[in-house]
Amino acid sequence: MARSAKKKKTTKLIALSSTNKAYEFKKPLQKRIKYQGEEVDIKLHEDPNGFSYIVWKNKKYMLDVIEKKQNRYTIMVNSVWHSFTVETPVSLKRKRFLEKQGDASSSVSIEAPMPGKIIDILVEENGEVKEGEPIIILEAMKMQNEITSHISGIVQSVSVKKNELVMKDDVLIEIRKG
Amino acid sequence: MDVKGKNFTRFLERQQAHNDQHDARAKAKQHSKGKLTAWERIDILFDEDTFEEVDAYVTPDKTDTGFGKVQQAYGDGVIIGHGLIRGRLTFAYSQDFTVMGGSLGSVHAAKIMKIQDMALKMGAPMIGLIDSGGARIQEGVASLAGYAGIFHRNVQSSGVIPQISVILGPAAGGAVYSPAITDFVFMTDQTSYMFVTGPNVVKEVLNEDVSLNDLGGAGVHSKKSGVAHLVYPDEENTLMGVRQLLAYLPSNNMENSPEMELSSDETSDVEEKLRDIVPDDPNKPYDVKEVIRLNVDKRSFYEIAENYAQNIVIGFGRLDGKVIGIVANQPKVLAGTLDINSSNKGARFIRFCDAFNIPLLILEDVPGFLPGIDQEHNGIIRHGAKMLYAFADSTVPRITVILRKSYGGAYCVMNSKNLGGDFNFAWPTAEIAVMGPEGAVAILYRKELAASDDQAAMKKELAAKYRIEIANPYVADERGFIDEVIDPAETRLKLIRAFEALETKQIDNPARKHGNIPL
Amino acid sequence: MKIKSLLIANRGEIAIRIIKTARKMGIRSYVIKTAKEPNAWYLEEADQIIDFSESYDDVIPEFLDIERIIQSAGKHKVDAIHPGYGFLAENPDFARRCEEEKITFIGPSHDAIYRMGHKTIAKELARENSVPLLDGSQGALSDAEEARKIANKIGYPVILKAAAGGGGRGMRVVEKEKDIERMFTLATNEAEKAFNNPDLFLERFVREPRHIEFQILGDQHGNIVHLGERECSIQRKHQKLLEESPSPALDSALRKKMGEAAIKIARSVNYYSAGTVEFLLDDDNSFSFMEMNTRIQVEHPVTEMVTGIDLIEQMILIAEGEKIPFTQKDIKLNGWAIEWRINAEDVQSGFSPSLGTIEKISWTENEHIRVDTGVRDGSVITPYYDSMIAKLIIHAETREKALQQSSMAIRKFWIKGPKTTLAFCRAVLQNRNFRKGKFNTSFLSKELKIHYQNEPDEALLAAFFATYDYAREMDENEEKPLHTENGKAITPWVLKKRLR
C-alpha cells in the first residue's frame, strides 16, 4: 500500500436530538452509560407481551422505536418521543458546518402529517406566509386539523387541491425561505 | 533504507512526496466544505487495510498550449485501485477535488479507464467516487476523449459487472453521463450536484436564477428526475450504503448473489398479519412495503429509488437468505397506477435483475395505467411498453403475487402468466378482470342503467354481481391463468418453495444481436 | 315492554360497554360492521353482526345513515336501538324514526333531544325555570349590530356561539367592540358550514371558569334524580381530557343547589333516560347553565364508580318503562373516581392525531382500576373515527389516593404503536395545582406549560437506544458473513444459458 496512514475506526457515536443536544457514546457500545461521573448498567428487556423496556436505576422505562430511517430515529420512552440523528464525529462536524452555511434560498416542503382530506387551502402561490400561520385545513379523524407553516417565506407551489385525499408525507405546499 | 547495498533513496523520496500531497492542508480544505478527502472515502468504503492503490505516481500530461497552469501532482487527482468490500474483490476510483478541482485530464481519465478495464477483466464490481469540476479545460480535446473512453467502458461493462457511481461533490457537464450509464447512483444530501449545464449557463441563456441545489441537488435527482437512486444525509452513511447494496449483488453476470444466514429472530413462515393488510374496501390504500417486509427475511429489504415514482416500489430483499429483486405496485400512491415514471423505474430495475441473474418477485395491486392527456402526450404507450418488454425479455425466475387489483392492460404488463411468469399466485382478495366493476357495468349495462330509476342502486348491485362472477381470483385459477390462490399468511413459505423450484430455470431465446426495446 | 334484543348504532369502546350490560341483562346484542373497521373488536363481542361493509361508496357514513339503520333493525326484528354517544345519539330525527317504526330508542324523547339540542330554546327553558344563566342575547341574533348592542350592555369579553352548535366550532370570543363585526361574520360562516345553521347567540364570556356537569337520570313516570357532578375542567379546545367525580370545587351545599338546578332543567322537557346538565362555575361559586347533553357521556364511568349504578342498565330499564329503583336520598357518592382519556394523539405536536396500528396494549389491573376500551393488540386507529384508545378509570377512597393509584396505573399502561396522551396524563399528575384541586378550564393554556412529562433521563435513554440500534444494525450488516461459494456451484445446465 502506497499510503502509510492507518484507517481510523469510528470510536464514538453521537445521538443528536432535534433540539441540538448531543449525547455521546463510545464504541463498541457497552450496555452501560456514563452518568454523573459513574458508569451505570443499562439492561434491555423484552416482556412476554412483546414490549421492550430498559431497566435503569431500578425503574422500568417502556421503549419503542417508532421511526427509523437511515440514521434518523424517533424513540418513544414512557410515551414521550425523542428524535435523533445518529452521527459520527465526522458527520457531526459536517452537519454543524452545513447548518452554519444555512442555505437561505432553499425551499422547504410542508408535508401532510397524516392521511386525510384537504378541506381548505388558506394560501396562494407567491403569497407570503409567516411561521406558525395555518396554511391548510386537513380533515382526519373527524377533526379539522390546521397544518401550519414552520417557516416564514413565500409560497412557491401548492401541490394539492381542495377535497383531494392525501397520504401521510405527501407534499402539500412548498415554501421558499426568506 | 538500504538493503544489501541497494539504494532506495529515490523510492523513499517519492513515497514522502506522495504522502505530503495528502497533507493536513488539503484535508482541511475538503473538510471545510463538509466533505471527506478522496482517501478517507476509500477508507470507509473498503474493508480495513485491503485497498491497494494503482498508478499512484503518474503525473498529468504537460500541455504545451501555455494556456492556464497544470498542477504537477502525483496521481493527477484521482485514486484508483482495488480492495475488498465485505471480503469481496471490488475496484474503485476516487476523485480528489483538492487536485485541480478533481478535473478530468487525459492522464486522470487514463487511470479511470485502466481500473475499469481491470474490473471487467476480473469480473468484479466497479465503483466510482465522483467529486470533480468536469473536463480539464487546459487539456482540451484530450480530456473530452477521456470522457468518451470512460463512457465506452461503462457501456461495455454494463450487464457484466455491477457499476455504481457515488456522487460526493459536483458532477457537471459530460461527467454526468458516466453515472447515468452505471447501474446505481448514490448522492449525498447538500454537498453533491449533478447537471448538464450549471446555474451560470442557465442564467446566461434563459435568465433564470436557480441555486445549485435546486438545479441538481440530491433532492431534485432522487425525487424529480430519478437520476439518483439512493440519497444519504452524509458521506459516511452514503459509503456504508454502497457496502450494504453490494451485499445483494453478484460480482458479475455469471455468479449468483451472495447468500446470507437468517437472523436469529427470523420472520416466521406463517405470518397472520398478512391476512389483514389488504383492506376489504377496494378503494382504501395500504402500504405495500409492509407486505414486502413481512415476507422477506428480517431487515433485508433494501429499497431503491424510494422517493421517485413512488407508485411503484423496487428493491432487493432476501428470501431464506437468497437475494431476490422486488417490483411492487404501491396502492398508497396514485392508487398504485402505472405511469411514465413508474414504468421507467420498474423497467430499468427488471433489466438489472435479469442481467445479474437475480430472480424477480412481483407484488401486484394495480388498477391500470394512469389516465390523462399529460400521460398520453408524453408517451405512456412507449414507456409502459418498456416495462412489458423488460418482463417478457427476462429469463430469471419470475413470480407474481396478485394482492388485490389486477385490471386491464396493467394485468398483462405486471408479469402475467402469458408474459412468461413462472408462478402466478393470487390472494383471495384479488380482483382480476378487464376493468374495475364500476367501469365494466357502466359499459355492459349502459342501456339498462339509462332506463333505470335508481341508477346508483342498480350500478351497485351489478358491480357486486360482477365482483362475485368475474372479478375474483377463482375464475382465473380455474382456467389456469393463476397457478394457485394462496393464504396470504403462507405467502413467504410458498415463495421460498417456488423460487427453490425455479433455481435451475433456463430458457432458449432465439439467437440475436439484441432485441429492440422501445427506449 | 321487556327488551330482548338491542342494536347498538355505535362502535369502539362504547359498543363494548353497552354489550357488557346487555349480556348481563340477557339481551341479545347487534352491532354494525363497516368497511372502515372490518376487524374491530366490538364486532366479536356482539351476539350478531349486521354487515354494512359493502357500502363503501355511499355518501352517508354508516353510523349516520338513519334509514339504513332503521331498516336493518326492522329486518332483524330488534326491539331497541342504543345510539351510544356521538353519531346519531342526539339526532331528534333518529329518535323520532325509531318511534315511528316501533323500535324502542334507548334515550330521551325526540322532543327533549330537539329542545335541548337547540341552544337558544334550552336557554329559554332555563330562564323560564329560573335557573341561573349568563347575561346575553335572548334567542338568535339578527345581525352584528344587535350583537354589538347587547355586548356593550353586558360588557366585554363576550362569546358568540352557534345556536345549533357544540364542540367548539362556530365559537368566537370577542375581546373588544371593534372586533365584533368581524367575529360575527367568521362565526356565522363557521356555524353555517358546520351545522347548516348560521344562527348565533351571544353571552358574557367567563374567562376562567370550571366546567361542572351533573349526571341526570329520569324515568317515564316523572321521577328525576341526579347522580352527582363530574369535574371536566381539564380541556383542550373544548375536548375533555380527564374527568373526575366528585369535583374538588363543590361542597355538599353547592352540590345540592346545582343538582336541583340540573333537575329543574331536565324536568322542563319531561326528561327521561340518562342525561347531563353542564354548568360553568365561577371563582365566587356562582354557576350558570350552559347546555344539556341528551345522551350517555364518554365520561359516565366516573359516576358509575362513585355511585355504584350501572347507567347503561338504567337507560335500558327506563326505556322498558321501569321506574327508577331509588330516590335522591338513596344516592351516595362513594370515594373518588378519575377518568384519564388515553387518545392516539401526539401531545408533542399540538395533540395532532397519530394514526396506525396498536401493536401491543397492556395495563395492570387491581380493584382500583377499570379500563374501558375498544382496542386490543392489532387494532387500527383509523382517520374515520375519534382517536380514543382507552379510558383509564381509577376509583379510591380519597382524591389523594386516586391520584396515587393513577400515577402507578399510568406508568404501567403500555401502548406500542401510535403516540398517545399518556405523557400528558403524567404531566397533569405532576402539576402541584392539579394535585391541590386548584384548576379551571385555563389549566392547559396557563398552568401546564409543557403538555407532556419528560424526565431528563428519558432523553438520555432514548439517545442510547437510538445509538445502540444504529450500531447494532451497522454491525449486523457488516458482520454477517456473505456466502459467495454457491456461485461456483452453479450447474452447467443453468450457467450455459447465462449468456445469449
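The values are calculated or read from the model by the stated rules, or taken from the named source; none is laboratory data. In this text the structure is predicted, and so the values were computed from the model without any measurement. All Cβ positions, even for glycine, are placed from backbone atoms using ideal geometry, and neighbour counts span all protein chains on display.
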Qualifying residue in segment A:126-146 (condition: within 10 Å of chain C (Cβ to nearest Cβ) and at pLDDT 80 or above): yes
### Message
Please determine whether any residue of segment B:120-128 is within 30 Å of C:Lys480 (Cβ to Cβ), of a type outside the set (Lys, Arg), outside the structural domain of B:Ala355 (by TED's automatic domain parsing) and part of a helix (DSSP H, G or I).
### Response
yes
If you go through B:Arg318, B:Arg299, the only one that is out of contact with any Pro (no Cβ under 7 Å at 6 or more places or on another chain), within 11 Å of chain C (Cβ to nearest Cβ), over 27 Å from C:Thr34 (Cα atoms) and outside any loop (DSSP other than H, G, I, E, B) is B:Arg318
B:Val242 meets each of (1) part of a loop (DSSP other than H, G, I, E, B); (2) within 14 Å of chain C (Cβ to nearest Cβ) with one exception, condition (1)
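Let's see how each residue does on (1) farther than 26 Å from C:Ile338 by Cβ; (2) in a helix (DSSP H, G or I):
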| residue | (1), (2) |
| --- | --- |
| C:Pro198 | yes, no |
| C:Val206 | no, no |
| C:His211 | no, no |
| C:Leu227 | no, no |
| C:Arg230 | no, no |
| C:Leu250 | no, no |
| C:Gly259 | no, yes |
| C:Ala274 | no, no |
Looking across segment C:35-56 at residues that are touching a helix residue (DSSP H, G or I) at 6+ places or on another chain (Cβ under 6 Å) and among the small types (Gly, Ala, Ser), the single one that is farthest from the other protein chains (Cβ to nearest Cβ) is C:Ala46
A:Ile119 fails exactly one of (1) at pLDDT 75 or above; (2) aliphatic (A, V, I, L, M); (3) over 30 Å from C:Ile381 (Cβ atoms), namely (3)
Restricting segment B:468-519 to residues that are small (Gly, Ala, Ser) and within 26 Å of the chain's Cα centre (by Cα), the one nearest to the other protein chains (Cβ to nearest Cβ) turns out to be B:Gly515
Counting only residues in segment B:431-459 that are over 43 Å from the mean Cα position of the chain (by Cα) and within 12 Å of chain C (Cβ to nearest Cβ), the one nearest to B:Glu364 (Cα to Cα) is identified as B:Lys459
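Matching residues to (1) charged (D, E, K, R); (2) away from every other protein chain (no Cβ under 13 Å):
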residue: C:Thr357; (1), (2): no, no
residue: C:Ile361; (1), (2): no, no
residue: C:Val371; (1), (2): no, yes
residue: C:Asp386; (1), (2): yes, no
residue: C:Ala402; (1), (2): no, yes
residue: C:Ser406; (1), (2): no, yes
residue: C:Arg435; (1), (2): yes, yes
Screening B:Leu45, B:Leu104, B:Leu89 for residues that are away from chain A (no Cβ under 14 Å) and crowded, with 22+ Cβ neighbours inside 10 Å leaves only B:Leu104
Self-check item: Yes/no for C:Asn39 being outside the structural domain of C:Leu392 (by TED's automatic domain parsing), in a loop (DSSP other than H, G, I, E, B) and within 18 Å of C:Leu88 (Cα to Cα)
Solution: no
**OP:** Please work out if B:Val327 is surrounded by 19 or more Cβ atoms within 10 Å (Cβ to Cβ), more than 13 Å from chain C (Cβ to nearest Cβ), in a strand (DSSP E or B) and among the aliphatic types (A, V, I, L, M).
**Re:** yes
Matching residues in segment B:373-429 (more than 30 Å from C:Leu499 (Cβ to Cβ), β-branched (Val, Ile, Thr) and surrounded by fewer than 24 Cβ atoms within 10 Å (Cβ to Cβ)) number 4
Scanning segment C:451-484 for residues that are in a helix (DSSP H, G or I) and within 9 Å of chain B (Cβ to nearest Cβ), the one nearest to the chain's Cα centre (by Cα) turns out to be C:Glu473
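Yes/no per residue for (1) surrounded by 24 or more Cβ atoms within 10 Å (Cβ to Cβ); (2) modelled with pLDDT of 90 or more; (3) in contact with a Ser or Thr (Cβ under 6 Å, 6 or more places away or on another chain):
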site	(1), (2), (3)
B:Ala142	no, no, yes
B:Ala148	no, yes, no
B:Arg153	no, yes, no
B:Ser165	yes, yes, yes
B:Ala171	yes, yes, no
B:Val176	no, yes, no
B:Gly198	no, no, no
B:Leu206	no, no, no
B:Val210	no, no, no
Across segment B:346-370, the tally of residues that are closer than 26 Å to B:Asn283 by Cα and either without any contact (Cβ under 8 Å) to a residue 12 or more places away in the chain or in contact with a Ser or Thr (Cβ under 7 Å, 6 or more places away or on another chain) (or both) stands at 7
Looking across segment A:30-65 at residues that are at the interface with another protein chain (Cβ under 7 Å from one of its Cβ atoms) and part of a strand (DSSP E or B), the single one that is surrounded by the fewest Cβ atoms within 10 Å (Cβ to Cβ) is A:Val65
Query - Flag for B:Val270 being more than 9 Å from every other protein chain (Cβ to nearest Cβ), crowded, with 16+ Cβ neighbours inside 10 Å and more than 20 Å from B:Phe97 (Cβ to Cβ) - result: no
Every listed condition ((1) under 29 Å from B:Glu438 (Cα atoms); (2) acidic (Asp, Glu); (3) in a loop (DSSP other than H, G, I, E, B)) holds for C:Glu54 save (3)
Checked segment C:368-419 for anything assigned to a loop (DSSP other than H, G, I, E, B), at pLDDT 95 or above and surrounded by fewer than 19 Cβ atoms within 10 Å (Cβ to Cβ); matches are C:Glu397, C:Thr398
